[in-house]
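Heads up: the structure comes next, in structure tokens.
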């Protein structure tokens, strides 16, 4: 009953952008952050794959790189006949009560619920919803996958694509800016562990594809290595691609065909 009520209060509109049908869904009413979180669904009428990809842009939990790590990628998928959606999630404010850290996660959870409920209309398999996160968006994607897939009564995330992701929040492995914005200047030890995705994998965690560059000067490639090693230890299907060239965000400077073809090839096998 709670889920049905939540669906009723969502607002949506349909726009045509360069001939693309983009459905804009408002997920949450403005609270103390005075912002809406939104879902932009790029619907194709003749999908070539039964999957739905929820794209989660990065920005260090201080902003959103939503055009380059969101809409541009979504348009490329749409041109290939693949259903996807871009999440504009709310940004937590650091140095407040600890409860603020769940704000972005709640937006991911509502997005997954909404997409699951609309799968027949959007023409995709409700059992093939995945997340694709860039940088800090990769952290949010992996964190959400770990939590959603272990909570009762929620639709599951069947795969995740993590692109130069922030993975850890521990003293040994972290991205200082993202950790500060999410957890504050002096997070409790238990919170550092809770938000270190490589330390919280379970058998319910989804299949994973990771892509990173070794010269990344912003988010060290050790984040992807740590996640890949942790996935292997529990025998979860995973694949890691390390590039010898390119700094942080390097994929966006390459022809999309070069690296998104890797993503599509991998997703086809899920």
Out of 149, 200, I need the residue that is touching a helix residue (DSSP H, G or I) at 6+ places or on another chain (Cβ under 9 Å) and surrounded by fewer than 24 Cβ atoms within 10 Å (Cβ to Cβ). Which one?
200
Where in segment 5-97 are there strands (runs of 3 or more DSSP E), lying fully within it, with 2 or more residues that are modelled with pLDDT under 65?
11-17
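Just to be sure, is residue 207 modelled with pLDDT of 95 or more, surrounded by fewer than 21 Cβ atoms within 10 Å (Cβ to Cβ) and either out of contact with any strand residue (DSSP E or B) (no Cβ under 6 Å at 6 or more places or on another chain) or over 17 Å from residue 248 (Cβ atoms) (or both)? Step through it out loud before you land on a result.
Values: modelled with pLDDT of 95 or more: yes; surrounded by fewer than 21 Cβ atoms within 10 Å (Cβ to Cβ): yes; either out of contact with any strand residue (DSSP E or B) (no Cβ under 6 Å at 6 or more places or on another chain) or over 17 Å from residue 248 (Cβ atoms) (or both): yes.
When the stated conditions are applied, residue 207 passes them.
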Within segment 158-177, identify whether any single residue is at pLDDT below 95, in a helix (DSSP H, G or I), surrounded by fewer than 18 Cβ atoms within 10 Å (Cβ to Cβ) and touching a helix residue (DSSP H, G or I) at 6+ places or on another chain (Cβ under 6 Å), and answer yes or no.
no
All-but-one check, residue 232 against (1) touching a strand residue (DSSP E or B) at 6+ places or on another chain (Cβ under 9 Å); (2) surrounded by 13 or more Cβ atoms within 10 Å (Cβ to Cβ); (3) assigned to a helix (DSSP H, G or I), failing number (2)
Applying the selection to segment 98-127, what residues are surrounded by fewer than 18 Cβ atoms within 10 Å (Cβ to Cβ), modelled with pLDDT of 95 or more and outside any helix (DSSP H, G or I)?
125, 126, 127
For segment 163-172, does any single residue satisfy the condition of being over 15 Å from the mean Cα position of the chain (by Cα) and without any contact (Cβ under 8 Å) to a residue 12 or more places away in the chain?
yes
When you check residue 154 against the structure, is it surrounded by fewer than 17 Cβ atoms within 10 Å (Cβ to Cβ) and touching a residue at least 12 places away in the same chain (Cβ under 8 Å), yes or no?
yes
Every residue in segment 178-197 that is crowded, with 18+ Cβ neighbours inside 10 Å, in contact with a strand residue (DSSP E or B) (Cβ under 9 Å, 6 or more places away or on another chain) and farther than 14 Å from residue 139 by Cα, please.
187
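Kindly evaluate residue 212 against the criterion of being touching a residue at least 12 places away in the same chain (Cβ under 8 Å), closer than 15 Å to residue 140 by Cα and not in a loop (DSSP other than H, G, I, E, B). Before the answer, list the steps.
Working: touching a residue at least 12 places away in the same chain (Cβ under 8 Å): yes; closer than 15 Å to residue 140 by Cα: no; not in a loop (DSSP other than H, G, I, E, B): yes.
Spelling it out, it is not the case that residue 212 is touching a residue at least 12 places away in the same chain (Cβ under 8 Å), closer than 15 Å to residue 140 by Cα and not in a loop (DSSP other than H, G, I, E, B).
The values are calculated or read from the model by the stated rules, or taken from the named source; none is laboratory data. None of the values given here were measured: they were computed from a predicted structure. For neighbour counting, all protein chains shown are included, and Cβ atoms are generated from backbone atoms with ideal geometry for every residue, glycine included.
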